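A.B. asks: Shown below is the structure under consideration.
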Amino acid sequence: MPPDGSYGPTSTDPSVTRSSLPSARRRGSMRRLRAITRKEFIQLVRDRRTLALMIGMPLVLLLIFGYGVRLSVDNIGVELVGHDSPAVRAVLSEHQHFRVAPAVAPTLTAARRDLFNGSEAVAVVVDALGRPVRVLIDGSNAFVAQNSLEYLRTLMSSGTSAPVEILYNPTLRSADFMVPAEVGMIMLWVGTVATAIGVVREREQGTLEQLMMTPIGKLELMVGKILPYSVLTLLIAVMITVLGLVLFRVPMRGNPIELFLFAIPYLVAALSIGLLISTVAQNQRQAMQTATFILLPQVLLSGALFPLSAIPWGIRWVSQMLPLTYFTPISRGMFLKGLGFAQLWPEVSVLCAMALVFTVLAALLFKTRLD
Amino acid sequence: MDVVAARGLVKSFALQPALRGVNLAVPSGELCGVVGADGAGKTTLLRCVAGLYRPDAGTVAPGRAGRADVGFCPQGFHLYPDLTVDENVDFFGAAYGLDVATRAARRDELLDFAGLVGHRARLAGHLSGGMQQKLTLVCSVLHRPSILLLDEPTTGVDPLSRRQFWRLIEELHVAGTTILLASSYFDEVERCEHVVFLHEGRVLSDGGVDELTERGASLEDAFRASLSGVGT
């Protein structure tokens with residue numbers, strides 16, 4: 001038997017007296033919040049596989065986007081047709097965009113065959129005076145074709161057009177374009193998926209049922225669950241930023257502290273989306289599927305990868321509802337242009353509104369009963 | 001005074017009735033057993049009493065409003081397998097709002113009571129089935145509830161652990177806790193002062209073991225007799 005002689009019911013908790021009920025309630029609430037947060041941290045650290053995924057995946061994405069993915073196409077195979085021309089060769093070789101074949105295709109038919117075989121992507125027909133008179137481009141890869149066309153236009157008219165100055169990313173480096181966007185994409189992915197899985201796992205294990213029997217309130221449970229993931233997501237965002245600056249020499253012209261301040265409403269929105277997913281998903285597999293269903297359009301339609309102007313009007317309203325649409329200009333603006341709140345307040349305000357709406361929705365839909 | 005009570009309790013899931021007008025009254029300090037086959041509605045009844053389900057019709061007590069006085073020990077293991085025994089107990093103690101000193105004192109008492117002191121640093125997921133059930137019981141009585149709901153607490157537990165588990169239940173009962181236990185085992189509910197036969201969401205009959213066994217040699221016979229009485 002225990003020292004006080006009973007395992008049975010007690011009418012009062014020794015730590016709570018009637019005269020101090022409000023402050024005792026506050027203390028109890030803080031105690032519960034701390035307990036949930038501590039438990040989540042312990043579970044997060046012990047779940048090595050998920051932790052490795054949460055940290056490893058952003059690193060892999062950073063390397064892929066930083067080293068692997070180039071939005072500009074270089075080394076496009078080009079051949080001269082009919083006649084050789086040192087002048088045309090020199091113009092084409094001036095930039096790394098083209099790799100000019102040493103041999104000249106004798107006829108247009110031969111050039112067409114080379115394009116058909118895929119050995120070259122562009123053929124420039126040169127007349128007897130050494131002037132380019134016609135260009136054939138392999139359009140089967142629209143991305144390469146578009147880039148080739150653009151480069152050729154620039155190169156062929158470079159002698160006549162006005163000098164061009166490209167600001168903020170003068171060499172048009174892909175890393176400068178991608179890394180700031182990646183910070184937003186990673187925060188969204190980690191924040192949403194980790195939160196959704198964290199809550200759904202409680203339901204799957206049946207521990208949510210046990211939690212519902214305790215005095216833990218909806219808000220305590222929600223905040224306690226998302227706090228550790230907020231810290232994890234912010235740490236990963238800092239890691240991506242630092243690696244972007246060090247490995248890829250992406251400039252940070254704005255105030256990084258300000259960037260992470262502006263990231264808070266964005267993060268809250270992402271975590272609330274995770275909570276919303278957890279209200280509909282019954283298991284972790286469903287949570288992952290729902291998260292993918294929600295996150296993929298964000299990446300494709302937010303302007304992080306493709307310009308918003310390229311998105312047809314019919315579906316642009318979807319873009320307007322995505323948090324990443326507003327965080328991407330904040331991140332790019334601060335990294336590359338050194339923008340601050342004075343310029344970015346509209347985006348920050350929309351993110352604050354989104355964070356509020358998603359949190360209220362999540363709180364309304366988050367159930368503290370099983371039915 | 002009845003501390004657990006249900007009047008005309010109805011609960012359905014996707015139009016499939018689980019409880020069809022259940023009446024139940026458990027006085028303070030009583031050990032009451034609800035017995036029935038799988039799908040009889042035992043878990044639904046306990047969850048309604050615990051306030052985890054909102055009844056479609058009828059009334060139930062203590063329900064949601066009185067959950068502070070209720071400890072719920074669900075069927076199966078539903079604690080954190082990746083936390084140690086100590087961490088699980090400490091977490092649920094904090095979840096019930098107990099301060100550090102109270103938590104530590106009750107953790108020591110209850111782990112000793114349940115014979116889990118030697119396993120404090122083990123991950124809960126690595127405990128045997130019987131130990132996991134005892135740990136679940138410990139976590140559900142940390143706040144010293146006056147009412148304890150046990151949903152098939154010994155299912156899948158070996159006979160020795162089952163005996164140990166019953167010793168704990170009886171100690172809690174002696175200490176004055178009102179216990180409502182759901183089980184599929186007749187030999188288990190025979191230990192209760194008050195037995196309720198539940199079948200397809202309806203109470204067939206209820207009363208003391210002696211009272212019910214007047215209709216048959218054993219509790220199981222009495223249950224079968226009640227079944228034939230309703231023409232099932």
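A.B. asks: Please verify whether segment A:201-220 includes one or more residues that are touching a helix residue (DSSP H, G or I) at 6+ places or on another chain (Cβ under 6 Å) and of a type in the set (Gly, Ala, Ser).
C.D. replies: no
A.B. asks: Follow-up. Every residue in segment A:301-316 that is part of a helix (DSSP H, G or I), of a type outside the set (Ser, Thr, Tyr) and at pLDDT below 90, please.
C.D. replies: A:Leu308, A:Ala310, A:Trp313, A:Gly314, A:Ile315, A:Arg316
A.B. asks: Related question: Among the helices (runs of 4 or more DSSP H) lying completely within segment B:55-144, list those that include at least 3 residues that are facing chain A (nearest Cβ under 9 Å) and in contact with a Cys (Cβ under 9 Å, 6 or more places away or on another chain).
C.D. replies: Those helices (runs of 4 or more DSSP H) span B:85-95, B:129-140.
A.B. asks: Can you give me the ranges of the helices (runs of 4 or more DSSP H) entirely in segment B:155-232 with at least 2 residues that are within 18 Å of the chain's Cα centre (by Cα) and either within 15 Å of B:Leu24 (Cα to Cα) or touching a residue at least 24 places away in the same chain (Cβ under 8 Å) (or both)?
C.D. replies: B:159-174, B:186-189
A.B. asks: Looking at A:Val246, A:Val200, can you tell me which residue is away from every other protein chain (no Cβ under 14 Å) and crowded, with 18+ Cβ neighbours inside 10 Å?
C.D. replies: Of A:Val246, A:Val200, the one residue that is away from every other protein chain (no Cβ under 14 Å) and crowded, with 18+ Cβ neighbours inside 10 Å is A:Val200.
A.B. asks: Quick check on A:Val45: is it at pLDDT 80 or above, surrounded by 12 or more Cβ atoms within 10 Å (Cβ to Cβ) and at negative phi?
C.D. replies: Here the answer is no, as A:Val45 does not meet what is asked.
A.B. asks: Suppose we filter A:Ala103, A:Ala90 for residues that are loosely packed, with under 12 Cβ neighbours inside 10 Å and either touching a residue at least 12 places away in the same chain (Cβ under 8 Å) or not assigned by TED's automatic domain parsing to the domain that holds A:Ile137 (or both); which single one remains?
C.D. replies: A:Ala103
The rows are residues; the columns are (1) buried (at least 18 other Cβ atoms within 10 Å of the Cβ); (2) within 24 Å of B:Asp69 (Cβ to Cβ).
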{"site": "B:Leu149", "(1), (2)": "yes, yes"}
{"site": "B:Glu152", "(1), (2)": "yes, yes"}
{"site": "B:Glu171", "(1), (2)": "no, yes"}
{"site": "B:Ala175", "(1), (2)": "no, yes"}
{"site": "B:Tyr185", "(1), (2)": "no, no"}
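The values are calculated or read from the model by the stated rules, or taken from the named source; none is laboratory data. All values derive from a computational prediction rather than experimental measurement. In this analysis, Cβ positions are derived from the backbone assuming ideal geometry, glycine residues included, and neighbour counts consider all displayed protein chains.
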